[in-house]
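Read the structure below first, then the notes.
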Amino acid sequence: MRYAKRGPLRFTSHRDFARAFERALRRAGVPVAFSQGFTPHPKISYASAAPTGVASEAEYLEIGLREPVEPEQLRAALDAALSPGLDVLDAVVASGTGLADRIEASHWRIELPQLDPDGVAKAVEVFTAADEVLVERMTKQGRRTFDARAAVISIDALVPTATPSGDPAVPCAILELVVRQVTPSVRPDDVLSGLRVVAGLEPPVAPKVIRLAQGTLTAQGAIVDPLDADRDWATIGGR
């Protein structure tokens, strides 16, 4: 399944979303399968969740079911049971490999209010030309230093389109980047840290980050939706 985190709901933590999703399963009457043992839990597997505070149009999860369910009916029922802003967008019957094997990279969009697009473009040039950009981040294993440059497949500075009214807008730059899935993961804030290290780029206000896509990479660097491999399976069992 693919779902989105939009608007204020982007601040929902992964744990809170997991709880909300389990409640939605119960409200929608989904025949979800449970694990065995003394503390059975719903068979739900999440793939590469976006950080708290980051919006996303491409979050993915897998659920195990006890009986056949029409994917579109399941999607609609769960979407109705979740709060607006946590939106279930797509559902297919899984076949073959799991989601973890189908996610190699993410496509991100970063809005940088009050930054001049030309200055951001120059910072991107310096970042791109670097062989290595070392940044630090606190992880579960403690503070880690890692290369934020190697994971970035592409990074582009875009100029926002004019406002509908045509009035001058507050300066804003936009970054779009494709980042390979690595360990430790390189997140948008790590790339911004790298731009600060190599070019002194300092956003004066908090950036707005959204994940547009994630999936497998083509030879041309495009990202393929991980659900595409299952599009031919209309219902459980492929019937």
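The values are calculated or read from the model by the stated rules, or taken from the named source; none is laboratory data. Model, not experiment: these values are computed from the prediction. When the accessible area is computed, the model is the full protein with side chains, heavy atoms only, and any ligands, DNA or RNA have been set aside. Shrake-Rupley method; radii C 1.70, N 1.55, O 1.52, S 1.80 Å.
Between the amide H of Gly215 and those of Glu104, Ala105, distances stay under 5 Å, these residues lying 5 or more places away or on another chain, with hydrogens modeled in the peptide plane.
Summed over the residues of the chain and divided among them, the accessible surface reaches 54 Å² per residue at a probe radius of 1.4 Å.
Once C-alpha pairs closer than 8 Å and six or more residues apart are averaged by separation and normalised to the residue number of the chain, the relative contact order reads 25 percent.
The length gained on full extension between Glu67 and Ala222, counted as 0.36 nm times the residue separation minus their Cα-Cα distance, comes to 52.2 nm.
What is the distance in Å between the Cα centroid of the stretch 24-40 and that of the stretch 64-135? So the two Cα centres are separated by 26 Å.
If you wrap the tightest convex hull around every Cα atom of the stretch 42-142 and split its volume per residue, you get 193 Å³.
Sorting Glu57, Glu136 by solvent-accessible area of protein heavy atoms yields Glu136, Glu57, largest first, with a 1.4 Å probe.
Diffusion coefficient of the stretch 85-159 by Stokes-Einstein, Kirkwood radius over Cα pairs, 4 °C, 1.567 mPa s: 80 µm²/s.
Remark: accessible surface ordering of Glu104, Glu202 (largest first) is Glu202, Glu104, probe radius 1.4 Å. For the stretch 61-205, the average shadow cast by the Cα convex hull is 12.8 nm², which is a quarter of the hull's surface.
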